[in-house]
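Structure first, then comments.
All of the numbers you see were taken from the coordinates with simple rules; none came from a lab. Since the model is a prediction, treat every value here as computed from it, not as a measurement. Note that each Cβ is placed from the backbone with ideal geometry, even for glycine, and that neighbours are counted across all protein chains shown.
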Amino acid sequence: MILTPLISLALAFAISAVVILAIGESPVEALKVMVEGALGSSYGWGNTLYYTTNYIFTGLAVAVAYHAGLFNIGGEGQATMGGLGVALCCLFIPWPHWTLALLGAAVAGALFGALWALIPAWLQAKRGSHIVITTIMFNFIAYNILTHLLSKTLRPLGSMDPATANFPPATHIPGLWQLAEMMGFAWGKHSLANVTLFIALLMAFLVWVLIWRTRLGYELRAFGKSEPAARYAGISPVRITIITMLISGGLAGMMAVNNVMGMSERLILNAVEGAGFFGIAVALMGRNHPVGIVLAALLFGFLFQGGAELSLWTSIPRELIAVIQGLVILFTGALDNMVRLPLERLFAARRRKEG
Amino acid sequence: MDVMTVVQILDSTVRLMTPLLLACLAGLYSERSGIFDIGLEGKMLMAAFSAGAVAALTGSAVLGLLAGILGSLALALVHGLASITFRGNQLISGVAINLFAGGFTVLVGQKLFGLGGRTPPVSGNARFSEITLPGATAIRDVPVIGPIYSEIISGHSPLVYLALLAVPLTWWVLYRTRFGLRLRAVGENPASVDTAGISVTRLRYSAVMICGVLCGIAGAYMAISLSAGFVKDMTAGRGYIALAALIFAKWRPWHALGATFLFGLLEAISNRFPQLHLGPITLSESFMLTLPYILTVVILAGFVGRAIPPRAGGEPYVKER
């Protein structure tokens, strides 16, 4: 059943190509620029992997919730609040070394993200309010809280732009290119990817363990498959909903280690850059499996970095990526049956013939 | 705060609530038929762009409005295909539509006009002008009624009055026509509608299409009436505020009017007073703009009256399970 997402993806790309043709550009040229810019150099790879890291976190966040039958559309807000947690942790705790700061920031980011998911989770579990709507609302609330804090409370004196002060040097986490330099070879100088990538991959592994190798994961999947059956088996819906959303929000919040601590090294507005929504596409593409998610995150990391290159070298604006992203979500998520049902019929017919 | 300020704020409330009201009613038709729609934002954006582009190219506001409606309808059709015909996830389809519209409008706008996703400013016939209601100038100087009539009620774009008329019309359609009864039924219990020999598919498609038309008018209003042209991401979350208003109104037309008025008022106040001093407390602009979302969460949680969505909402209908 790996065929369905591949065909869906092909359809999404085909329509994207038609859109590029329609605006009078060549899809082949565009693809060439994107591949060249995102994968053609170690610098391009460095940036691609940076975005990949973001999308692994948000993709896992969506997937964990999805296994429990919950649609967490609030990754954007949770990652925003995670950024706040990371920023506070980096600014106000005198860290002796970046390794400790990294651990502390990961915990702080996850904690803030989890807490931001807690209220929608609690409202869904206890009051029955739809989690999709509440998480959407919480995205906006998070954004406005951050706007307020950055323009009033956290903005350093004398500074005009809505951002915190720069984090102290002790919280600087090395980029992958610096690691490469330490090991004695030159790779992707000044590219954005940093050691957070390893945390992301570790999280992907831990999510796999959680979902398929633990009792909690089993309960979570059972709850996602059938709530009445899970309830009959003695699984508490309130407990599962809340724990799942805490994990999901925590994963989204942890993303901030990458973009806030690893990249901008201060908290700015809009630091998330839509990664919460990319997470939906990534989870759908990756069929909610960690391995699939890492691969899909790489694909979208390539698209995002390639899109930036595209707007730099051609007249195609980077919004093309939003079009592709929308189409991928549409075909792999909403129009899934359009591809799957004819395929199933085809295979069933073939099996009948053989049998 | 003098009387003139209050009048000005209410006047701008009417302007700002119009797109919210149209989008809210749009969502009302769709969700009452059992199709969740978080793609209001994308449809409005698409409509705003189509309207702005066509009005700029043809110099006609009416053609702009029609183009806006068509643009929105195209996305509504996609949503219908995904959620009715192919029984896909309606929420995911909505997210996809919003992302697609956000990118597509800039992509095509940049190609057509090369203004970074903007459409050229429209004026004259390419924009809906304000109409002065009869007698508005005559009674302008009458105390109380004068400013209320001539400033707040009169002097808006025809689309504003269209939106206001859509409220009683929606109420009438929903509660006084056969179509409305069936629409409400299909959102609560599609199987019973199907048993009565009425096509669930056709009913839901009509609702989704009505939703498309209303979102189209909302978007066109933003681009060629409220503003003079389309700007990248100009809906700026209004589709979500409309969704919030719909919940706030508990999926009822007259309440939608009240909810969008309240949210429009909050926006108008925060535009006018970025810092609102109320005795010891100061309300900031971001707080005012957050209030609609907070209020919606509170309503949704059932702390102040309970908002219960149509029962079959979000569920694709499968004949003969």
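Quick notes
- Taking all pairs of distinct alpha-carbon atoms in segment A:96-250, Kirkwood radius in angstrom: 18.9
- At 1.567 mPa s and 4 °C, Stokes D of segment B:3-237 from Kirkwood alpha-carbon radius, µm² per second: 70
- As a proxy for reagent exposure, A:F57, B:F128, B:F263 were ordered by neighbouring Cβ count within 10 angstrom, fewest first; the result is B:F128, B:F263, A:F57.
- Estimated [θ] at 222 nm from DSSP helical runs (n ≥ 4, -39500 (n - 2.57)) normalised by residues in chain B, nearest 500: -21000 deg cm²/dmol
- Over chain A: helical MRE at 222 nm, DSSP H runs n ≥ 4 each giving -39500 (n - 2.57), nearest 500: -23000 deg cm²/dmol
- Lys/Arg +1, Asp/Glu -1 at C-beta; the protein assembly as shown dipole; positive extreme among A:V86, A:Q325, B:G80: B:G80
- Long-range amide H partners of B:I131 with built H, under 5 Å: B:G155, B:H156, B:S157
- With 22 Å as the limit, the listed pairs A:K126/B:K319; B:K43/B:K111; B:K111/B:K232 have A:K126/B:K319 beyond it between alpha carbons.
- The Cα center of segment A:185-242 and the Cα center of segment A:1-39 differ in position by 30 Å.
- Taking chain B and dividing mean pair separation by its residue count, relative contact order in percent (alpha carbons under 8 Å, at least six apart): 34
- As a proxy for reagent exposure, A:W116, A:W212 were ordered by neighbouring Cβ count within 10 angstrom, fewest first; the result is A:W212, A:W116.
- Karplus-derived HN-Hα couplings along segment A:20-31 (A = 6.51, B = -1.76, C = 1.60, θ = phi - 60°), whole Hz, x at Gly and Pro: 5, 4, 5, 8, x, 10, 9, x, 5, 4, 4, 5
- Spatial separation of Cα centroids for segment B:22-36 and segment A:141-181, in angstrom: 41
- Relative contact order (%) - chain A, alpha-carbon pairs under 8 angstrom, separation at least six: 35
- Integer Hz, Karplus 6.51/-1.76/1.60 couplings in order for segment B:8-16, x for Gly and Pro: 5, 5, 5, 4, 6, 4, 4, 5, 6
- For segment A:222-238, 3J(HN,Hα) per residue [Karplus equation, 6.51 cos²θ - 1.76 cosθ + 1.60, θ = phi - 60°, Hz, x = Gly/Pro]: 4, 4, x, 6, 7, 5, x, 5, 4, 4, 5, 7, x, 8, 7, x, 4
- The ratio of the alpha-carbon radius of gyration of chain A to the globular-protein estimate 2.2 N^0.38 Å is 1.03.
- Length, then width, then depth: along the principal axes, the Cα atoms of segment B:176-272 run 54, 25, 21 Å.
- Relative pair counts by distance (%), Cα atoms of the protein assembly as shown, 20 Å bins: 17, 52, 28, 3, 0
- Between 0 and 90°, nearest 10: helix B:90-113 axis offset from chain B longest Cα axis: 50
- Neighbour counts of other Cβ atoms within 10 Å put A:V19, B:V3, B:V186, B:V208 in the fewest-to-most order B:V3, A:V19, B:V208, B:V186.
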